[in-house]
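The values are calculated or read from the model by the stated rules, or taken from the named source; none is laboratory data. Being a predicted model, the structure only gives us computed values, none of them experimental. Cβ placement follows ideal geometry from the backbone for every residue including glycine, while neighbour counts extend to all protein chains displayed.
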Amino acid sequence: MNIATMAATDWSAVAAIYAEGIATGHATFAVAPPGSFEDFADGKLMACAVVARDEGMEGGGVLGWAALTKVSDRCVYAGVAEVSVYVAEAARGRGVGAALMSGLIARADATGVWTLQAGIFPENTASLALHARHGFRVVGRRDRIGKMTHGPLAGRWRDTLLLERRSEVTGQE
């Protein structure tokens with residue numbers, strides 16, 4: 001497996017993996033992936049966006065992706081970003097998420113991001129465990145923060161856990 005910078009040419013695979021996550025009902029409130037790579041990239045810190053490639057697959061098939069989204073345009077929050085990590089259903093349980101998270105954290109540190117945050121449904125135990133292994137801690141619970149509009153939990157109010165990770169490299173001064 002190779003962790004590489006996400007490119008526009010990865011979009012069809014990224015969108016398909018995103019759609020798999022959406023279908024579980026435990027990954028996001030989003031109804032569908034954005035319509036294009038440009039729409040996806042809007043608001044993201046694309047210098048940090050990565051994909052995991054299977055070097056054994058023809059064309060280096062994408063196994064998963066990770067990206068950071070700015071949490072605010074206010075300058076005091078310039079080093080705070082929200083994490084998204086998605087692994088293809090067929091690649092789960094193979095360390096892809098851990099490799100993506102490690103690559104994402106290294107890029108975040110290198111670009112001056114001092115706090116990573118994540119909003120995760122409490123039922124998504126695999127994502128919670130992945131984040132915990134990479135130094136994230138639960139800082140709060142947002143009760144009934146949003147109502148699902150799609151999938152197996154449509155019509156239900158959902159809670160999210162707010163997790164945070166402070167960089168050991170950036171923002172220490």
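Here are the numbers for this structure:
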| item | result |
| --- | --- |
| Flag for GLY97 being on the phi > 0 side of the Ramachandran plot and either in contact with a Phe, Trp or Tyr (Cβ under 6 Å, 6 or more places away or on another chain) or surrounded by 14 or more Cβ atoms within 10 Å (Cβ to Cβ) (or both) | no |
| Checklist (1) under 13 Å from the mean Cα position of the chain (by Cα); (2) within 14 Å of ALA81 (Cβ to Cβ); (3) not acidic (Asp, Glu) applied to TRP114, failing item | (1) |
| Single residue of VAL14, VAL62, VAL51 found to be more than 22 Å from GLU123 (Cβ to Cβ), more than 12 Å from the chain's Cα centre (by Cα) and surrounded by 15 or more Cβ atoms within 10 Å (Cβ to Cβ) | VAL62 |
| Residue count, segment 92-141 (criterion: closer than 16 Å to LEU161 by Cα, in contact with a Leu (Cβ under 6 Å, 6 or more places away or on another chain) and of a type outside the set (Gly, Ala, Ser)) | 7 |
| Test: residue in segment 7-26 that is within 27 Å of THR160 (Cβ to Cβ), part of a loop (DSSP other than H, G, I, E, B) and in contact with a helix residue (DSSP H, G or I) (Cβ under 6 Å, 6 or more places away or on another chain) | yes |
| Single match in ALA132, ALA108 (criterion: outside any strand (DSSP E or B), loosely packed, with under 14 Cβ neighbours inside 10 Å and under 15 Å from the mean Cα position of the chain (by Cα)) | ALA132 |
| Search result, residues across segment 136-168 that are part of a loop (DSSP other than H, G, I, E, B), among the charged types (D, E, K, R) and at pLDDT 95 or above | ARG156 |
| Matching residues in segment 115-169 - criterion: being out of contact with any strand residue (DSSP E or B) (no Cβ under 9 Å at 6 or more places or on another chain) and more than 21 Å from GLU89 (Cβ to Cβ) | THR149, GLU168, VAL169 |
| Residues within segment 111-129 that are crowded, with 18+ Cβ neighbours inside 10 Å, in contact (Cβ under 8 Å) with a residue 40 or more places away in the chain and either of a type in the set (Asp, Glu) or assigned to a helix (DSSP H, G or I) (or both), tallied | 1 |
| Among the residues listed as LEU63, LEU68, the single one being under 25 Å from GLU164 (Cβ atoms) and in contact (Cβ under 8 Å) with a residue 12 or more places away in the chain | LEU68 |
| ALA81, sole failed condition from (1) free of Cβ contacts under 8 Å to residues at least 40 places away in the same chain; (2) of a type outside the set (S, T, N, Q); (3) in contact with a strand residue (DSSP E or B) (Cβ under 6 Å, 6 or more places away or on another chain); (4) surrounded by fewer than 13 Cβ atoms within 10 Å (Cβ to Cβ) | (4) |
